[in-house]
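Undergrad: Once you've had a glance at the structure underneath, I'll fire off some questions.
Where a number appears in this text, it was derived from the coordinates with a stated rule and is not lab data. Keep in mind that what you see is a predicted model, and the values were worked out from it rather than measured. Quick reminder, even Gly has a Cβ in these numbers, built from the backbone with ideal geometry, and neighbours come from all protein chains shown.
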Amino acid sequence: MQATTTGPRITAGVDGEGVVSHVGSRLLADVADRTTLTAKLSEVLAGLRKPRARHDPGRVLVDMAVAVADGATTISDVAVLADQAALFGPVASDSTCWRLLDRLDSAGLGAVARARAMARELVWAQRAELSGEPFSPARAGGRELPGLVIDLDASIVVCHSEKEQAAATFKKTFGLHPMLAFCDNTGEFLAALLRRNSPASPTAAAGESTGAARTSEAAASATTTCTSPSTIIPGAARRERRAELRDLRAHLPRRPALHPHRPA
């Protein structure tokens, strides 16, 4: 039998000994282990590990993701996990994290995406065994949408220093304007395209369409278990979507008007 977690074994007690903080973050690391995400990352990134390296690349990426979920805003914040070795086990230093990120080229990022897709495939297959379907249907305007729905939208990420591709935004701030893709059925984050913000210009619409196409392609690749057609909902097409919802509501039965109770 193989262990399902790479972290140290922990037990809960009421004696007041061994009290630790951030213990809930350990659950995220365990989820990554149980869904085989850690193992898949280690497998696809095995070529980046040196013969005598202490830290596995897959584990390093998972620890960084856990740190971000725990509130980290810089790579050095991974030290919060490293300071609690009894809870998280050996955690790489921030310099080791930086070296790994620096070695992740386009091929490496593609390998990470494949590992995430394989882990998602396992989780959705387990859900299908229990409920008969890999994911619940998405809903919009009071009705269920067939297949897998991928929601595309762009969001401003404010930066306080000169980050790569950061620029002035149309909201008079400074930062990035990435295109994001989410699975509307499950709420999962699927893919993102890092890009600089572009003010209104003749080429802005073309760039928006190109970014949406690239992000939707990456999101579709991240959902390898989907056998039904995918529905892409671009966040940029807000007016068209609102018009469709208005037409849909026009055909829905109206609810009876509610009046406050008046005593006789």
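Undergrad: Can you return the lysines within cross-link range of residue 40? Criterion is Cα-Cα under 17 Å, with same-chain partners fewer than 8 residues away left out.
TA: Qualifying lysines at Cα under 17 Å: none.
Undergrad: To the nearest 0.05, what FRET efficiency results for residue 27 and residue 102 with a Förster distance of 22 Å applied to their C-beta separation?
TA: In this case the efficiency is close to 0.15.
Undergrad: Counting Lys and Arg as +1 and Asp and Glu as -1, each charge on the Cβ, what is the dipole of region 23-115 about the Cα centre in debye, to the nearest 20? The partial results should precede the final answer.
TA: Values: 11 positive and 11 negative charges, 83 e Å.
Here the size comes out at about 400 debye.
Undergrad: HN-Hα J couplings of region 74-87 from phi, Karplus 6.51/-1.76/1.60, θ = phi - 60°, integer Hz, Gly and Pro as x?
TA: 9, 4, 5, 5, 5, 4, 4, 6, 5, 6, 10, 4, 5, 9
Undergrad: How would you classify region 88-171 from its alpha-carbon gyration tensor, with a ≥ b ≥ c the square roots of the eigenvalues: rounded for a/c under 1.5, else prolate if a/b is greater than b/c, otherwise oblate? Working shown, then result.
TA: Numbers: a/c = 2.75, a/b = 1.36, b/c = 2.03.
Oblate.
Undergrad: Mind pulling up the Rg/Rh value for region 34-135? Radius of gyration and Kirkwood radius, both on Cα.
TA: Here the Rg-to-Rh quotient is 1.02.
Undergrad: For residue 129 and residue 170 in one chain, what is 0.36 nm times their gap in residues minus the Cα-Cα distance, to one decimal in nm? Please list the in-between numbers first.
TA: Values: separation 41, 0.36 × 41 = 14.76 nm, distance 4.71 nm.
Going from the current span to full extension adds 10.0 nm.
Undergrad: Additional query: Provide the gained length on full extension for the span residue 76 to residue 49, in nm with one decimal, where the gain is 0.36 nm per separating residue minus the Cα-Cα distance.
TA: Full-extension gain reported as 7.6 nm.
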